[in-house]
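First up is the structure itself, then whatever we jot down about it.
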Amino acid sequence: MQTNLQTPIDYLKGVGPNRADLLRKELGIHTYQDLLNLFPNRYIDRTHFYTINQLQRNSADVQIIGKIIGFKEIAQQRGKRLVATFQDETGNIELVWFRGQKWIRERLNLNTEYVIFGKTNWYSGKFSMPHPEIELLEDHNKNLSSAMQAVYPSTEKLSNKGISNRVICKIMQQLFLETNGRFVETLSEPILTELKLITKSEALFNVHFPKNQDLLSKAQFRLKFEELFYIQIQLILKNLIHKSKIKGFPFETVGNYFNTFFNSHLPFDLTKAQKRVIKEIRQDLGSQAQMNRLLQGDVGSGKTIVALMSMLIALDNGFQACLMAPTEILSVQHYNGLHDLCKDLNINIKLLTGSSTTLKRKKIHESLENGDLQLLIGTHALLEDKVKFKNLGLAIIDEQHRFGVAQRSKLWEKNTFPPHILVMTATPIPRTLAMSVYGDLDISIIDELPPGRRPIKTVHRYDKNRLQVFKFIRDEITKGRQIYIVYPLIQESSKMDYKDLMDGYESIVRDFPLPDYQISIVHGKMKPADKEYEMQRFVKGETQIMVATTVIEVGVNVPNASVMIVESAERFGLSQLHQLRGRVGRGAEQSFCILMTSHKLSNDSKVRLETMCKTNDGFEIAEVDLRLRGPGDIMGTQQSGILNLKIADLIKDKDILQSARYFAKKVLATDPSLATQENTAILNTYKQLGKYKNIWNYIS
Ligand code: ADP
Ligand code: MG
């Protein structure tokens, strides 16, 4: 009979209530299953024994066979320490305990062979080993012998309370004895065969007690695959259910608005990538299901025109559309740009932001409800309860990383039927992450910049080279260019940051005096109207320098601006730097990005600066960012479960992830409800995971 893995951990021999309590609190281990899934952080080669004369001054973990030939207690500032002299044929070392002396003294015998294991210290001519793991040689030889010893995650509390790694190994061993090491298979036969995976039982045994490196690698591969596979199954099922259950408005026709625009008003030829993406969106809009699509494209790749053409399709089918952006400045810019593009199409388009006047708002609310207003552009203001559409058919959200998922769904609730949703982001997400975080969305990628763009030249300069940088600015302004100078504003409320900004501004004003130079300044504490005024002066070319905080990070488009200077660049994250740099390089001229820093740089900031100087490719930058920061900070990861990965690693296990997704898709393509005999194991495992119970109800 198979042991029920849901058995509480207290029942395992050798655990008992105290240890169970600690395991629960410290490692979240409640059941046998949880213990099985406590995977080692690393392994130590326990096949090798050192002799004392082989010890190196800073050796890592070593294992030695020998005898204790004497104990002494040494008084120290607080309490005393216990020291044992441990000897083999080649010499002796000291074993030292600062705690639990009585317990140890009673347990250890003189002149008996022990195996000790631990890290050695070198101090005044002698080796010592504090708090060694120690075991009778006789017992050592009897234990589940494995060449590589697992080292499990632990906490200070655990080791203080005597649950050492060795104890965890013992408990694990007991678990395998009680279960006979036989565990239910959780993958299907075809997958096991096709990928030549070892069975679940073999994998679990070898991950905890590896017989050799080869079996360990096979065990890890299989368990990582499985972990990622079930995440993909969940995500893909969610997507399938979404498509089959949530009906959208099918936009059947591509009519006058779209065609007129396409034939007569398109200001440039679309890139291949833009065409492909528009086609993907058209297909979604024309189908019976609600579109739920993520559009990724680097800064400047031309997402706006894609948004517009998608919205025109909604209009062609008699629906309204809206575009929501995260900042006032960006909404205004979108509005101006789109208003311009549509000026000959006779479309009713309006802007709604936090600073719209009450009168204006009232008019907008009315015309939205009676359907006169076709296209609404704006900020979060669009989400207010008062904003009611007559028939919102398509909602586009720009720069997605600023909005939460909850906000996304708020747009949904504006209709009895959910509108089609297109989420656009300029912060490329590494493919692996996109797959595991947004795996339930469909993804389109614009992976091509419009023709004729010259790559931006990026350099790193230290503060002491400021004069040179100023000279460069002067030269560029003489050529007719415009300059951004950006200061960090990490926290909106940070007084220091504002002080830096104002100091910087004053020194710029000194170095670039009126009347030759005109300077704009924009920051978060200004009134929206003032911000807009300063911004417009820069847009119109009336000012040559724009001093700003990161409010200009997102989306602002001034093609004549060709130099981006980032002050204290070491304080910015990679994706933010890339976003900032994206503000230049929009016109025909060669553009530059200068990253200014002090001399004090952490290793991470060095990597960030080097990466920026090396590449303009947002996807490459995103990969580095993921490696530096881990997935935790990236939008959407919290919901996705990928932060709780037990064995797989999104960065190192990219290939396994690809294959897990491939197989999950393949299984669900032929058997979406996992009903066939062949997929029973998958169905059962999936149900056990128990996460998407309500989703499951849709299917079965
Ligand atoms: P982003 O993807 O960053 O939102 P935008 O949509 O703002 O990019 O486009 C950046 C600039 O490139 C705009 O000035 C836009 O008019 C221009 N642009 C977009 N697509 C093309 C194209 N196919 N050919 C030439 N210029 C384009
Ligand atoms: Mg944009």
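The values are calculated or read from the model by the stated rules, or taken from the named source; none is laboratory data. All figures in this text were calculated on a predicted structure; none of them were measured in a lab. All Cβ positions, glycine included, derive from the backbone under ideal geometry; neighbour counts span all protein chains shown. These accessible areas exclude ligands, DNA and RNA; they are computed on the full protein's heavy atoms, side chains included. Shrake-Rupley method; radii C 1.70, N 1.55, O 1.52, S 1.80 Å.
If I go through segment 589-609 residue by residue, how many of them are touching a residue at least 12 places away in the same chain (Cβ under 8 Å), open to solvent by 40 Å² or more (accessible area, probe 1.4 Å) and either outside the structural domain of Glu570 (by TED's automatic domain parsing) or in a helix (DSSP H, G or I) (or both)? Counting residues in segment 589-609 that are touching a residue at least 12 places away in the same chain (Cβ under 8 Å), open to solvent by 40 Å² or more (accessible area, probe 1.4 Å) and either outside the structural domain of Glu570 (by TED's automatic domain parsing) or in a helix (DSSP H, G or I) (or both) gives 3. When each of Lys457, Lys499 is tested for being under 34 Å from the mean Cα position of the chain (by Cα) and without any contact (Cβ under 8 Å) to a residue 40 or more places away in the chain, the lone residue that passes is Lys499. Would you mention how many residues in segment 119-159 are touching a Lys or Arg at 6+ places or on another chain (Cβ under 6 Å) and exposed (fewer than 15 other Cβ atoms within 10 Å of the Cβ)? Summing the residues that are touching a Lys or Arg at 6+ places or on another chain (Cβ under 6 Å) and exposed (fewer than 15 other Cβ atoms within 10 Å of the Cβ) in segment 119-159 gives 1.
Checked against (1) buried (at least 24 other Cβ atoms within 10 Å of the Cβ); (2) more than 16 Å from ligand 1 (Cβ to nearest atom); (3) under 13 Å from Tyr484 (Cα atoms); (4) not hydrophobic (A, V, I, L, M, F, W, C), Gly582 passes all but condition (2).
From the list Val558, Val584, which one is in a loop (DSSP other than H, G, I, E, B), closer than 26 Å to Gln296 by Cβ and touching a helix residue (DSSP H, G or I) at 6+ places or on another chain (Cβ under 8 Å)? Every option except Val558 fails the conditions. Summed over segment 320-353, residues that are open to solvent by 30 Å² or more (accessible area, probe 1.4 Å), away from ligand 1 (no atom under 16 Å from the Cβ) and within 23 Å of Lys390 (Cβ to Cβ) total 4.
Residues of segment 269-290 that are open to solvent by 100 Å² or more (accessible area, probe 1.4 Å) and part of a loop (DSSP other than H, G, I, E, B): Asp269, Gln288. Criterion first (at pLDDT 95 or above, among the charged types (D, E, K, R) and closer than 27 Å to Ile621 by Cβ) does Arg461 satisfy it? For Arg461, the condition - at pLDDT 95 or above, among the charged types (D, E, K, R) and closer than 27 Å to Ile621 by Cβ - is met.
The rows are residues; the columns are (1) away from ligand 2 (no atom under 16 Å from the Cβ); (2) in a helix (DSSP H, G or I); (3) exposed (fewer than 15 other Cβ atoms within 10 Å of the Cβ).
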{"residue": "Lys196", "(1), (2), (3)": "yes, no, yes"}
{"residue": "Leu215", "(1), (2), (3)": "yes, yes, no"}
{"residue": "Phe229", "(1), (2), (3)": "yes, yes, no"}
{"residue": "Asn239", "(1), (2), (3)": "yes, yes, no"}
{"residue": "Phe251", "(1), (2), (3)": "yes, no, no"}
{"residue": "Asn259", "(1), (2), (3)": "yes, yes, yes"}
{"residue": "Asn263", "(1), (2), (3)": "yes, yes, yes"}
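Being in a loop (DSSP other than H, G, I, E, B) and over 15 Å from Gln576 (Cα atoms) is the filter; apply it to segment 478-494 and report the residue that is modelled with the lowest pLDDT. Step by step, filter segment 478-494, then rank; the result is Glu492. When the test is whether a residue is open to solvent by less than 80 Å² (accessible area, probe 1.4 Å), in contact with a helix residue (DSSP H, G or I) (Cβ under 9 Å, 6 or more places away or on another chain) and touching a residue at least 40 places away in the same chain (Cβ under 8 Å), Ile116 does not pass it. Scanning segment 278-307 for residues that are out of contact with any His (no Cβ under 9 Å at 6 or more places or on another chain) and hydroxyl-bearing (Ser, Thr, Tyr) gives Ser287, Ser301.
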